[in-house]
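Contents: one structure, followed by commentary.
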Amino acid sequence: MRITMSAIGRRLAVLACRTLLQLLFVPLLLAPTAAVEAQTATKAAGTEKVVNLDWLELLPENERARGVAAAPPPGHNFLDDGGATLAQEMSFAVNPALDGTLVRLPGFVVPLDLDAKGQVTEFFLVPYYGACIHYPPPPPNQIVYVVPPKPFKLPTLTTPYWVTGRLRTAGKTSRVGAAAYTVSAQSMEIYKDP
């Protein structure tokens, strides 16, 4: 017996996903932005501070006007109803000024690998909940591949995190998408409003 969702049921599911996304994502949009120039100045002075980074700052200058700080409409096809597939828009163009910068970036975890205890050992950090799962993946220059300082138990996929570490303009491809940046995390914490 095949169970299908009615058009009304799909609309209600989409509305529920969007509402949940807005509740979870709006605080991330309010995260403070920081100038890369300030980071460069502190390096020159001999002390290095962590830059609170905004997702749009990952884009090269010429792509920021087209950058969108919100999730696209859901495109999942979980009922095999012939809907659109989750295609990733490809842009590996990075902001070269960020390479090597010590950053703190908020986002959601998309696990890529787990250890024997079910703890996350590597993941993609994405700007909105459901990326790569319920929504099309963001472009690679809006995904960061992260190796955490130690494996951790992810409470839920809706739990946002702050990730702190050195950002590199080096890519990583996996079965769920491609990332244009990598971070070897020094620390991670569950996101709380700054």
(message) What FRET efficiency comes out for Lys153 versus Arg66 if R0 is 35 angstrom and r is the Cβ-Cβ distance? Round to the nearest 0.05.
(response) 0.40
(message) Quick check on packing: order 100-111, 117-128 by the mean number of other C-beta atoms within 10 Å, highest mean leading.
(response) 100-111, 117-128
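Throughout, read-outs are computed from the coordinates displayed, never taken from laboratory work. Not measured: the values here are computed from a predicted model. Every residue, glycine among them, receives a Cβ derived from its backbone with ideal geometry; neighbour counts consider all protein chains shown.
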